[in-house]
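S.K.: Encoded as structure tokens, here's the structure I'll be asking about.
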Amino acid sequence: MAHHAALPPLRGRVQEAAPLAPFTWFRVGGPAEWLVRPADLDDLLLLLRDLPEAVPLTVIGAASNLILRDGGVRGVVLRLAGRAFGGIAMDGEGVLAGAAALDATVAEHAAAASLAGLEYLCGIPGTVGGAVAMNAGAYGTEVKDVLDWAEVACPSGLLRLSAADLAFAYRKAALPPRSVVVRARFRARPGEAAAIAARMAEIRAAREATQPVRSRTGGSTFKNPPGHKAWALIDAAGCRGLMRGGAQVSEKHTNFLLNTGSATAADIEGLGEEVRARVKAESAIELEWEIRRIGEPGAAPAFGGQS
């Protein structure tokens with residue numbers, strides 16, 4: 001059980017037993033033992049350097065692709081926010097973006113500067129830090145195709161890692177242990193403002209038409225297995241509209257799970273596992289989760305009080 005004494009003296013906000021559900025797209029889940037929002041990079045580096053090894057560390061971004069379990073998250077949950085981590089600046093034919101900047105905002109800044117190649121980011125509902133950590137992709141482009149480097153805060157200090165260093169693969173990057181992406185440089189190229197705007201409008205329309213963007217959802221639930229589309233496998237297994245408690249497989253796009261209003265994290269994760277089992281029985285293919293699942297199962301927080 002970490003006491004406040006376990007945390008170094010930070011200038012940012014530290015909240016004990018902090019509710020996290022309001023930050024997540026699904027709007028479910030238990031509290032953080034500690035929610036830390038560092039004041040700036042120095043504050044973050046101090047935290048990483050001096051946080052005892054035994055205290056678990058979890059980083060959340062926009063929490064768009066996340067199931068936060070009902071028992072909450074032990075240790076420190078880190079959320080980068082505010083001007084110190086959210087800045088976006090042009091850098092020649094590239095864009096420098098802080099980890100807390102939204103992917104869509106990066107796309108808009110690039111478009112405003114008539115820089116092409118980053119349009120796809122307007123179709124990804126997360127932050128730059130999350131996009132780098134999971135090599136986010138959509139509409140034929142992934143982070144690995146456009147990233148020059150990322151700055152990553154670690155217990156040993158600040159590292160600048162190239163795309164090669166990050167060894168990107170499908171929906172993953174090789175980040176050092178207990179590290180946090182703080183900034184990234186994306187490569188772009190001069191383009192035609194009208195063409196860039198048209199491409200972004202097309203991506204937004206495609207998302208709106210095919211995805212439940214107005215619902216409490218968590219983005220793509222499962223990775224596409226090699227040679228297959230997850231949604232088609234789920235559909236073939238008869239899971240469209242399947243419910244468990246307040247959770248439902250979207251009728252609009254079967255690779256999306258919804259909180260229809262009363263779902264718990266256990267309902268959503270349990271529904272996902274049921275979908276995996278049905279797909280395996282139907283097609284012998286094992287779907288892999290794309291949504292990150294964090295925290296402890298159970299209805300009450302797994303820490304605090306007399307534990």
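S.K.: How many residues does the stretch 191-203 hold that are among the acidic types (Asp, Glu) and in a helix (DSSP H, G or I)?
M.R.: So the answer is 1.
S.K.: Oh, and also: Mind checking which pairs have a first residue in the stretch 259-285 that is open to solvent by 60 Å² or more (accessible area, probe 1.4 Å) and a second that is among the aliphatic types (A, V, I, L, M), Cβ under 7 Å, 6 or more apart or different chains?
M.R.: Partner pairs satisfying both residue conditions: ARG278/ALA237; GLU282/ALA236; GLU282/ALA237.
S.K.: Closer than 22 Å to ARG178 by Cβ and in contact with a Leu (Cβ under 9 Å, 6 or more places away or on another chain), is that true of THR58?
M.R.: So THR58 fits the description; yes.
S.K.: Right, ALA206: small (Gly, Ala, Ser), at pLDDT 95 or above and either assigned to a helix (DSSP H, G or I) or under 19 Å from SER64 (Cβ atoms) (or both) or not?
M.R.: Against the criterion (small (Gly, Ala, Ser), at pLDDT 95 or above and either assigned to a helix (DSSP H, G or I) or under 19 Å from SER64 (Cβ atoms) (or both)), ALA206 does not qualify.
S.K.: Here's something else I'd like to know. Please go through the stretch 25-50 and give me each residue that is surrounded by 17 or more Cβ atoms within 10 Å (Cβ to Cβ) and touching a residue at least 60 places away in the same chain (Cβ under 8 Å), ordered by number.
M.R.: Hits for the stretch 25-50 are TRP25, PHE26, VAL28, GLY29, GLY30, PRO31, GLU33, LEU41, LEU44, LEU45, LEU48.
S.K.: Continuing with the same structure: Restricted to the stretch 237-250, and to residues that are in contact with a strand residue (DSSP E or B) (Cβ under 9 Å, 6 or more places away or on another chain) and either touching a residue at least 24 places away in the same chain (Cβ under 8 Å) or acidic (Asp, Glu) (or both), which residue is most open to solvent (accessible area, probe 1.4 Å)?
M.R.: If we take residues in the stretch 237-250 being in contact with a strand residue (DSSP E or B) (Cβ under 9 Å, 6 or more places away or on another chain) and either touching a residue at least 24 places away in the same chain (Cβ under 8 Å) or acidic (Asp, Glu) (or both), then MET243 is most open to solvent (accessible area, probe 1.4 Å).
The values are calculated or read from the model by the stated rules, or taken from the named source; none is laboratory data. In this text the structure is predicted, and so the values were computed from the model without any measurement. Please note: Cβ atoms are built from the backbone with ideal geometry, for glycine as well, and neighbour counts cover all protein chains shown. For the accessible areas, the whole protein counts, side chains as well, though only heavy atoms, and no ligand, DNA or RNA atoms are used. Shrake-Rupley method; radii C 1.70, N 1.55, O 1.52, S 1.80 Å.
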